[in-house]
1. Using the beta-carbon distance between residue 50 and residue 1 and R0 = 30 Å, what value does 1/(1 + (r/R0)^6) give for FRET efficiency, to the nearest 0.05?
2. In the set (1) -0.71, -0.78, -1.04, -1.12; (2) -0.37, -0.44, -1.07, -1.35; (3) -0.37, -0.43, -0.95, -1.17, which value of log10 I(q)/I(0) by the Debye sum over Cα atoms at q = 0.11, 0.12, 0.18, 0.20 Å⁻¹ was calculated from the structure you see?
3. Remind me, relative contact order of the chain in percent, using alpha carbon pairs under 8 angstrom and six or more residues apart?
4. Rounded if a/c is under 1.5, else prolate if a/b beats b/c, else oblate: with a ≥ b ≥ c from the C-alpha gyration tensor eigenvalues square-rooted, which is the range 43-118?
5. Can you list the equivalent-ellipsoid semi-axes of the range 1-45, largest first and in whole Å, using the square root of 5 times each Cα gyration tensor eigenvalue?
6. Roughly how many nanometres apart are two label points built 7 Å out from the Cα toward the Cβ at residue 107 and residue 19?
7. Per the helix-only calculation at 222 nm, which mean residue ellipticity applies to the chain, given -39500 (n - 2.57) for every DSSP H run of n ≥ 4 and division by its residues, nearest 500 deg cm²/dmol?
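No lab work stands behind these numbers, since they all come straight from the coordinates. As the structure is a prediction and not an experimental result, all values here were calculated from the model. We place every Cβ from the backbone using ideal geometry, glycine too, and count neighbours over all the protein chains shown.
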Amino acid sequence: MLLNNGITDLVDIRRYPQSTFEDFNRESLEKVLPKNGIRYVHCENVGGMRDSAYIEYMNTDEFRAGFEKLMDLIVKVNETGGRIVLMCAEKSPKGCHRHYLSNKLEENSIEVIHLVEPGQMSLFKFCE
């Protein structure tokens with residue numbers, strides 16, 4: 001799905017980049033993605049699984065630093081003609097911290113398209 005969508009950079013936004021599926025562990029991704037021309041970056045400061053609600057966490061200096069790093073990376077990748085994807089543990093952004101992060105990115109003029117299934121791209125517009 002990444003190759004079919006021309007992805008050049010994968011940003012892992014899981015706080016803990018581990019999975020019950022070994023292929024999705026950080027170590028595996030760091031090995032296989034470059035073999036396919038895709039750069040792997042871990043950006044844990046925008047990840048979920050926090051002590052407080054994610055929306056509260058977004059008001060912390062830690063989140064702001066991570067979000068700034070993410071924005072800088074998005075701008076850099078776009079300037080070089082690349083395409084970036086954010087990876088999380090949840091499939092749907094509706095039940096995930098990605099919902100809030102997507103909204104924050106859109107507030108900062110970043111178009112967010114969610115890759116849901118192979119061959120399907122869905123632009124999600126969330127209603128509060």
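1. Values: r = 28 Å, r/R0 = 0.94.
Efficiency, rounded to the nearest 0.05: 0.60.
2. Given (1) -0.71, -0.78, -1.04, -1.12; (2) -0.37, -0.44, -1.07, -1.35; (3) -0.37, -0.43, -0.95, -1.17, the structure-derived one carries the label (2).
3. Numbers: 144 pairs, mean separation 34.8, N = 128.
RCO, the chain: 27 percent.
4. Working: a/c = 1.96, a/b = 1.20, b/c = 1.63.
The shape class here is oblate.
5. Values: eigenvalues 61, 30, 17 Å².
Over the Cα atoms of the range 1-45, the ellipsoid semi-axes are 17, 12, 9 Å.
6. Placing both labels 7 Å along Cα→Cβ, they lie 2.9 nm apart.
7. Numbers: 4 runs with 43 residues, N = 128.
That comes out to -10000 deg cm²/dmol.
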